[in-house]
Amino acid sequence: MNWQEHVVSDSNVLLGKPTIKGIRLSVDHIVSLLAKGWNEQQVLENYPRLTQEDIKAVFACIYECMQDGMFVGSSKKTAL
């Protein structure tokens with residue numbers, strides 16, 4: 001998947017946060033909904049301009065960022 005076709009960053013939109021192309025919906029907002037327990041169908045129903053491909057792109061973007069070492073975690077060590 002080429003997530004760059006779906007996820008963009010523009011300094012004039014949401015202060016440059018990564019967003020879904022053509023939609024003022026940030027990647028972190030989508031992730032926060034899923035982290036709060038929303039399922040994919042609930043996200044799609046509440047944001048009808050969002051597509052299943054957009055959600056896949058969010059995960060691909062996050063995965064690539066983590067692989068590139070762009071993930072900034074807590075300095076505390078915690079057990080999983």
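Checked against the criterion of being modelled with pLDDT of 95 or more and touching a Leu at 6+ places or on another chain (Cβ under 6 Å), the candidates Val58, Val43, Val27 yield just one match: Val43. Of the residues making up segment 18-46, just one is β-branched (Val, Ile, Thr) and touching a Pro at 6+ places or on another chain (Cβ under 8 Å), namely Val27.
Filter segment 1-17 down to residues that are assigned to a loop (DSSP other than H, G, I, E, B) and at pLDDT below 95 and give me whichever is surrounded by the fewest Cβ atoms within 10 Å (Cβ to Cβ).
To start, the set of residues in segment 1-17 that are assigned to a loop (DSSP other than H, G, I, E, B) comprises 1-2, 6, 9-13, 17.
Now drop any that are not at pLDDT below 95, which leaves 1-2, 9-13, 17.
Numbers: Met1: 12, Asn2: 8, Ser9: 14, Asp10: 12, Ser11: 8, Asn12: 6, Val13: 14, Lys17: 15.
For segment 1-17, the residue satisfying everything is Asn12.
Of all residues in segment 30-41, those that are assigned to a helix (DSSP H, G or I) and either under 21 Å from Pro18 (Cα atoms) or of a type in the set (Gly, Ala, Ser) (or both) total 7.
The values are calculated or read from the model by the stated rules, or taken from the named source; none is laboratory data. Quantities reported herein were computed from a predicted structural model and do not represent experimental measurements. Counting neighbours? That spans all protein chains shown, and the Cβs are built from the backbone with ideal geometry, glycine included.
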